[in-house]
1. With +1 assigned to the C-beta of every Lys and Arg and -1 to the C-beta of every Asp and Glu, and no other charges, what is the dipole magnitude of the chain about the Cα centre in debye, to the nearest 20?
2. Helix 2-55 sits at what angle to the longest principal axis of the chain, using alpha carbons and giving 0 to 90 degrees rounded to 10?
3. Could you check how many percent of all C-alpha pairs in the range 11-77 are farther apart than 20 Å?
4. At a 1.4 Å probe radius, carbon and sulfur cover how many percent of the accessible area of the range 40-135?
5. How large is the helix-only mean residue ellipticity at 222 nm for the chain, computed as the sum of -39500 (n - 2.57) over DSSP H runs with n ≥ 4, divided by its residue count, in deg cm²/dmol to the nearest 500?
6. Can you pull the one-decimal nm distance between simple spin-label points at Ala107 and Val73, each 7 Å off the Cα toward Cβ?
7. Per residue, what accessible area does the range 1-125 have, given a 1.4 Å probe and all protein chains present, in Å²?
8. Helix 61-134: angle to the longest alpha-carbon principal axis of the chain, degrees 0 to 90, nearest 10?
Amino acid sequence: SAAAAAAREAQEVHLVQAARQEAEAAAGQVRADLEAKLTAIEAAKASAEAAAREANPRLSDVELEKTLESARVSAEEEAEAARQDAEVAIARAETAAWAKAMATIGAAEAQADAEAEAGASEAGASETEAAAEAA
């Protein structure tokens, strides 16, 4: 019926919105975790620079710069790895949310089809009984 179809469509819209919200929430958490990691990486880099300056006050500027550059490169590599991990985690969360919504929609459609078939066979049986009674 039209009402059942409208109800199914409304449910599908709701499920898709819920999936979108779930994916956005997961992405937000991943981004917050990423920001915390990046902040920690920056703090570790600053700490390494300060330790290098303190431990080696007699280092030439060139030697100190080499040490600092090494710390910077290491921090940039760590940050890039963290960003890539975050992108993968966000993609996984989005995929999982959509898969869950699509599975729910698929199950609801299968149930509706089964109910429609059951209704049609009941109607067919009633018609057969009525025809038999008429005869």
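The values are calculated or read from the model by the stated rules, or taken from the named source; none is laboratory data. No experiment lies behind these values; they were computed from the predicted model shown. Please note: Cβ atoms are built from the backbone with ideal geometry, for glycine as well, and neighbour counts cover all protein chains shown. Just the protein is used for accessible areas: all its heavy atoms, side chains included, with ligands, DNA and RNA removed. Shrake-Rupley method; radii C 1.70, N 1.55, O 1.52, S 1.80 Å.
1. On the way: 12 positive and 28 negative charges, 158 e Å.
Rounded to the nearest 20 debye, it is 760 debye.
2. Helix 2-55 sits at roughly 10 degrees to that axis.
3. On the way: 1152 of 2211 pairs.
Beyond 20 Å sits 52 percent of the P(r) for the range 11-77.
4. On the way: 3650 of 6770 Å².
Carbon with sulfur: 54 percent of the solvent-accessible area.
5. On the way: 2 runs with 128 residues, N = 135.
Only helices count here, giving -36000 deg cm²/dmol.
6. 5.3
7. On the way: 8510 Å² over 125 residues.
I get 68 Å² per residue for the range 1-125.
8. 0
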